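All remarks here apply to the structure that follows.
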Protein chains: 2
Amino acid sequence: MDTGFDLREHGGVDVFLRDCPTRAVLDVIAGKWTMLVLVALADGRPMRFAELRRRLDGVTPKVLTQTLRALEREGLLTRTVYPTVPPRVEYRLTRLGQEAGGLVQRITDWSQANVAVMQAAREEYDGRAARQLPGAAS
Amino acid sequence: MDTGFDLREHGGVDVFLRDCPTRAVLDVIAGKWTMLVLVALADGRPMRFAELRRRLDGVTPKVLTQTLRALEREGLLTRTVYPTVPPRVEYRLTRLGQEAGGLVQRITDWSQANVAVMQAAREEYDGRAARQLPGAAS
DNA sequence: CCGCATCCTATTGGATACTG
DNA sequence: CAGTATCCAATAGGATGCGG
């Protein structure tokens, strides 16, 4: 179980070096749709491709597939094909995936609770920027 | 305080529509370095530009600036300039930012605890893929 | 129904050099 | 020290159409 990385060699738990394994995980969940998939499946209930596609409004099939494959590769998701006709494929988070989904859901819950605050911050920031760049027209 | 979005109009709390405000937040923290910045500053201690740059090994000044500005815009970070010479600029998470940082840190902690499992999953997945695409050479 | 193949664009991120 | 400016590369993401 050697991961080829020892935090102690690099001076502490909070150093973010180029080859830190945490980065690999972060890079995966940083995908545009990944966290949404994780939250959608966080409760452990399996879901079919089309259903996921509907819940993630705007995702194209290609990108959804890529996202699902990446999660499968990481061991967070299982893909089960039922050889029926028409074909039926179910996606379900593993135990590990559910843990991740739960953590991500905390973030989405938190952000929903603070949407208004952040929108206000954004507007104030943009307003300040606009005043400092007095622009040409009207 | 109207955000222009009412979840009830769209059929539930767990629908991820194109204009869902949660998406905006997710898009911000999904940046390649954003979560690392959030964790680095999660304890509330301010940090200077160069110090951050050292901790996020590999980040270029341009990208770090972009990341910091995005967080500032969202109201998660404050940028304080001390008009000394040489110049001194401190970055510090707001209360909101610290909350976010705490949540992200749970994810990084979790991923560090499960690095080995995920690496194993990755290798098994890749191995299976290699066996199914029997490749040309040797 | 699931999702791959192809092609294409846009955005992100990086390298390098330079400035207040 | 703390960035900005410029240019460039990578890749993520999207549109469309077909195949099992």
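The values are calculated or read from the model by the stated rules, or taken from the named source; none is laboratory data. What you see is a predicted model, and the numbers here were worked out from it, not measured in a lab. Cβ placement follows ideal geometry from the backbone for every residue including glycine, while neighbour counts extend to all protein chains displayed.
Only one of the listed residues (A:Ala130, A:Ala116, A:Ala120) is assigned to a helix (DSSP H, G or I), aliphatic (A, V, I, L, M), within 7 Å of another protein chain (Cβ to nearest Cβ) and surrounded by fewer than 19 Cβ atoms within 10 Å (Cβ to Cβ). That residue is A:Ala116. For the residues B:Arg69, B:Arg54, the requirement of being of a type outside the set (Phe, Trp, Tyr) and farther than 16 Å from B:Val28 by Cα singles out B:Arg54.
In the set (1) within 29 Å of A:Leu36 (Cβ to Cβ); (2) more than 11 Å from chain A (Cβ to nearest Cβ); (3) buried (at least 17 other Cβ atoms within 10 Å of the Cβ), the condition left unmet by B:Met47 is number (1).
Note on the stretch B:44-88: among residues that are within 11 Å of DNA strand C (Cβ to nearest atom) and small (Gly, Ala, Ser), the one that is modelled with the highest pLDDT is B:Ala70.
Scanning the stretch A:83-97 for residues that are within 15 Å of DNA strand D (Cβ to nearest atom) and in contact (Cβ under 8 Å) with a residue 12 or more places away in the chain yields A:Arg88, A:Val89, A:Glu90. Applying the condition of being within 13 Å of DNA strand D (Cβ to nearest atom) and within 15 Å of B:Arg122 (Cβ to Cβ) to the stretch A:24-44 and asking which residue is nearest to the other protein chains (Cβ to nearest Cβ) yields A:Leu26. Would the stretch A:57-73 turn up any residue that is more than 13 Å from every other protein chain (Cβ to nearest Cβ), more than 14 Å from DNA strand D (Cβ to nearest atom) and either in contact (Cβ under 8 Å) with a residue 40 or more places away in the chain or over 28 Å from B:Ala100 (Cβ atoms) (or both)? No, the stretch A:57-73 has no match at all.
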